[in-house]
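Reading through the structure tokens given below for one structure.
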Amino acid sequence: MEKSKYLVEVIGLGKAGLPLASVIADSGIKVIGVDINKKTVESITKGVNPIPEEPGLGELIKKYSRTNLTATSNLKEASKKCNVHIIIVPLFIDDKKQPDFNAIDSAAKNISKGLKKGDLVVLETTVPVGTTETRLRKILEDGSGMKAGEDFFLAFSPERIMTGYSISRFREFPKIVGGINNDSTKHALNFYKNFSNISGVKNSATAEMAKIAEGIYRDVNIALANELYKVAEKYNINYWELKDAAKHQYCNLLEPGNVGGHCIPVYPWFIINDNPSNSSLTKSARDINDSMADYYASKALKIIGNKPEAKICVVGLSYREGVKEHAYTRSIPLIKILKAKGFRVYGADNFYTNEEIKSIFNAEPLANDEELKNMDAVILMNKIPEYKKILLPMKKKIVDVKNMLN
């Protein structure tokens, strides 16, 4: 199909969906972005970027707003107009590590009401293996009265972005797609090749598991780094020197630290839940990485000693530097652990307002950065260069998670 004949709806205008919609618009294809957040829709309509920390996104929104890129909260109407439907809404896990499909189910039900013969539906949200072929297919078929793979086409193409690099990732990073049948894969490939470096895999289940495997691979390797970091400390060895000394073409140890965000702490559970007897390594990695909050708290306790009601500040509240995102950030359980020990806990992160530090992280905001000097201990969670000058003279009081001060 020619570019001019595509009309695409991207459902979910978050940190992954909005860059995707903008890159598609930049390729010459008209896009309707759909989101339940009316402030996001209004911002895009005005040509204003609601995710200012994403380089290059603001320029695309300003350039294509109201031309190739429009936005709405009316999913049903958008679905009736479009012939390509991309679902890229969040999928969270609950306290029992089970996925919550509500957002995906809602998007699929609304799409089904406007689905037309020949339309293409693609799921980009990372999901448990088999979701596209079973759950999503059933909702779309039941709501439309049509058959997937024949009347309309259905595929899975996992997003592979990294917040802060999303625009270049969508354009240059290898992307895969797998349909529920060969015709679905072919139609998806023909669409995605207009704006991405796309290749096909055998089916949607293969594409689904490939994305999960990427997350597990990184989780396991970070867990190895965390384990070696703790062992190195026991022998009074600097882990970062060890990391460099061990590096060659067959060994590249990762940085130790906390593992947060929408991705790595979530995806392994899709495999662990369905395959408990075949995922012991995956489960162990999750346990090791989640335990690091306790480990860093114990290191702070050694610095403070027995001082009652000591003051401690957690610097770097987002799950990683350069991103305003608190989903599954380990600073939240860390602060909870510290408060349970009776400490007075402060929080500092340039991305968050004082009110957000109190409401999201349940920590006290600093009056100013100079107040860091009055802390009994500091846990530096992320590499935030703005704090380096004031923290360097305090190195003996600091748990430097990412080795920023060296």
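The values are calculated or read from the model by the stated rules, or taken from the named source; none is laboratory data. The shown structure was predicted, so the numbers you read here are calculated from the model rather than taken from an experiment. Here the Cβ positions follow ideal geometry from the backbone for every residue, glycine too, while neighbour counts run over all protein chains shown.
Residues in the range 355-369 that are surrounded by 15 or more Cβ atoms within 10 Å (Cβ to Cβ) and aliphatic (A, V, I, L, M): Ile357, Ile360, Ala363, Leu366. Checked against the criteria, Lys76 counts as at pLDDT below 95, part of a helix (DSSP H, G or I), over 24 Å from the mean Cα position of the chain (by Cα) and among the basic types (Lys, Arg).
Does Lys211 fit the bill of being charged (D, E, K, R), closer than 16 Å to Pro174 by Cβ and assigned to a helix (DSSP H, G or I)? Write out each step before concluding.
Working: charged (D, E, K, R): yes; closer than 16 Å to Pro174 by Cβ: yes; assigned to a helix (DSSP H, G or I): yes.
Answer is yes for this residue.
Per the listing Glu356, Glu370, Glu364, the residue uniquely acidic (Asp, Glu) and either closer than 20 Å to Gly164 by Cβ or assigned by TED's automatic domain parsing to the domain that holds Pro265 (or both) is Glu356. Answer yes or no as to whether Ser298 is touching a residue at least 60 places away in the same chain (Cβ under 8 Å), surrounded by fewer than 16 Cβ atoms within 10 Å (Cβ to Cβ) and assigned to a helix (DSSP H, G or I). Against the criterion (touching a residue at least 60 places away in the same chain (Cβ under 8 Å), surrounded by fewer than 16 Cβ atoms within 10 Å (Cβ to Cβ) and assigned to a helix (DSSP H, G or I)), Ser298 does not qualify.
Mind checking whether some residue in the range 249-265 is closer than 30 Å to Gly149 by Cβ and touching a Gly at 6+ places or on another chain (Cβ under 6 Å)? Taking every residue of the range 249-265 in turn, at least one turns out to be closer than 30 Å to Gly149 by Cβ and touching a Gly at 6+ places or on another chain (Cβ under 6 Å).
Tell me whether the range 326-334 contains one or more residues that are β-branched (Val, Ile, Thr), surrounded by 16 or more Cβ atoms within 10 Å (Cβ to Cβ), assigned to a helix (DSSP H, G or I) and not assigned by TED's automatic domain parsing to the domain that holds Gly260. Lay out the reasoning, then the answer.
Going through the range 326-334, the residues β-branched (Val, Ile, Thr) turn out to be 329, 332.
The next check asks that each one be surrounded by 16 or more Cβ atoms within 10 Å (Cβ to Cβ); those that pass are 329, 332.
Pick out the ones that are also assigned to a helix (DSSP H, G or I) and you get 332.
Now drop any that are not not assigned by TED's automatic domain parsing to the domain that holds Gly260, which leaves 332.
Yes, that holds for at least one residue.
Restricting attention to the range 92-116 and to residues that are of a type in the set (A, V, I, L, M, F, W, C) and modelled with pLDDT under 95, the residue that is surrounded by the most Cβ atoms within 10 Å (Cβ to Cβ) turns out to be Ile93.
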